[in-house]
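Accompanying notes for the structure given below.
Readers should treat all values here as calculations from the given coordinates under stated rules, not as data from a laboratory. Given the structure is predicted, the values throughout are model-derived calculations rather than measurements. Please note: Cβ atoms are built from the backbone with ideal geometry, for glycine as well, and neighbour counts cover all protein chains shown.
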Amino acid sequence: MDEFRQNLWSPWRMEFIESLAGRNGPGCFICDYRDDPSSDVQNRVVWRADDSLVMMNRFPYTNGHLLIAPARHLAELDELNDDELRRIWFLTRDAKRLLAKVLEPQGFNIGLNFGRCAGAGLPGHLHIHIVPRWNGDTNFMAVLGDVRMIPQALDALYDRLRRASSDFGSPAPDGETGP
């Protein structure tokens, strides 16, 4: 039977495993992104505002998985001021519109995870997940091997999102805004 065994390589998983400890010890990648606008393309920041960010998930659940976060390092919704709360929900709305235009999904999952037991990979910095979904997008890979099939390279999708982002009201990383 061993002659039929094949390996499924997912070398990007090592980057994820190593990132769990942060770059220089425990850290917050959202705060790192916030503090380094010159690396927005490398970090796949789609939009940047004074008080918030929209970025691609580097380890997506599916194609187009975005994260929306306040710029301040806050863990709970009740720590946000009213302007920050409004902004992240406006950005969530605009990110959903952007994904609908670029990817034409048939549905979305939008949510937050508070605490590691609830699935928060970064429990100290609140962020909203927006995950586009398609009919039939689940497949046998997750059942057999805890593997996800992502049908498009992150950089290729990032380029498409950046080009289309000018059609929306949220600011792009370079400060430009849409209509």
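List of remarks:
- Compared with the alpha-carbon gap, the fully stretched path from Asp32 to Asp167 is longer by 45.9 nm at 0.36 nm per residue.
- Stretched out straight at 0.36 nm per residue, the stretch from Ala118 to Arg160 would grow longer than its current Cα-Cα span by 12.0 nm.
- The packing ranking of peptides 47-56, 77-86, highest mean first, is 47-56, 77-86, where packing means the average number of other beta carbon atoms within 10 angstrom of each residue.
- Working note: Debye formula, equal point scatterers on the alpha-carbon atoms of the stretch 29-107, no solvent; log10 I(q)/I(0) at q = 0.19, 0.28 Å⁻¹ is -0.84, -1.39.
- The listed peptides 87-96, 110-119, ordered by packing as a protection proxy, come out as 87-96, 110-119 (highest mean of other Cβ atoms within 10 Å first).
- Net charge contributed by nearby residues that have their C-beta within less than 15 Å of Asp51 (K/R +1, D/E -1): -2
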